[in-house]
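Taking it in order: structure first as structure tokens, then the write-up.
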Amino acid sequence: MKDLRDRKWIDRDTRTVYIKFALYNRHLRLFATTNLIFRYAPSGGLTLPVEATVNTVNMEPYNSARGIVLLVLELILTMLVGHDMGNLIWSLCFSYSRGSVFGWLCDMWNYLDLINTLLLTYSLILRLRFVGWIYSVPLLLPTRGYPSVLDELAQFQMSQTNINAINGLICFLVFFKYYNFQDRLKVLLIVLMCC
């Protein structure tokens, strides 16, 4: 900061300084994007706290043995999501053939299963787009400028992580569909179902 002031990049009228840089860890094969935000008060002093954001992006997800295992697990997850979607469609069609579609629609567990399957499908679509984006925009190292695509990929990856967190919570709730409670705990399940 002192160097920036000495070179007249920062003066008493400066309110915010943004510093962005990217690092590459060759051993982990990860890019780390770092954003630092320094804010100055009208009096010229630095206001605290200084904001710092660090995001990591794996631009080579399938280039190692661990990556191949990840790819196999993602393919298995895709098959399981397809199986779950098929079960939902089959149960709806079965209810329709028996004339009990209203009963299927009134069951809270079917809605949780449907939301769970749709979120998993959306997460897989985001993953496909993420991997497609990585391989369509390769970064050549070393680079002189700041690759802005890393910020976009980090935000994309963060949205996928948030969707997966919501889906994990829903999976936890769906667990209670298959769990047989003791008589005293069934009251809690009834209360949860009413909420």
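The values are calculated or read from the model by the stated rules, or taken from the named source; none is laboratory data. If you're wondering where the values come from, they're calculated on a predicted model, not measured in any experiment. Every residue, glycine among them, receives a Cβ derived from its backbone with ideal geometry; neighbour counts consider all protein chains shown.
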Handout entry: Checking Ala22 against (1) outside the structural domain of Met158 (by TED's automatic domain parsing); (2) exposed (fewer than 15 other Cβ atoms within 10 Å of the Cβ); (3) on the phi < 0 side of the Ramachandran plot, the condition it does not meet
Key = (2)
Completion exercise
Restricting attention to segment 18-70, the residues that are assigned to a helix (DSSP H, G or I) and more than 17 Å from Thr161 (Cα to Cα) number exactly 5
Practice task
Return a yes/no flag: does segment 76-96 have any residue that is at positive phi and exposed (fewer than 12 other Cβ atoms within 10 Å of the Cβ).
Solution key: no
Practice task
May I ask you to say which residue of Ser148, Ser136, Ser123, Ser159 is in the same structural domain as Asp84 (by TED's automatic domain parsing) and more than 24 Å from Glu74 (Cα to Cα)?
Solution key: Ser148
Fill in the blank from the handout: Within segment 150-195, restricting to residues that are modelled with pLDDT of 75 or more and of a type in the set (S, T, N, Q), the one that is farthest from Pro138 (Cα to Cα) is Asn167
Exercise for the section: Report the residue count in segment 143-165 for those that are over 30 Å from Ile115 (Cα atoms) and surrounded by fewer than 11 Cβ atoms within 10 Å (Cβ to Cβ). Expected result: 3
Practice task
Taking the residues in segment 63-75 that are touching a residue at least 12 places away in the same chain (Cβ under 8 Å) and closer than 19 Å to Gly132 by Cβ as candidates, determine which candidate is surrounded by the fewest Cβ atoms within 10 Å (Cβ to Cβ).
Solution key: Asn63
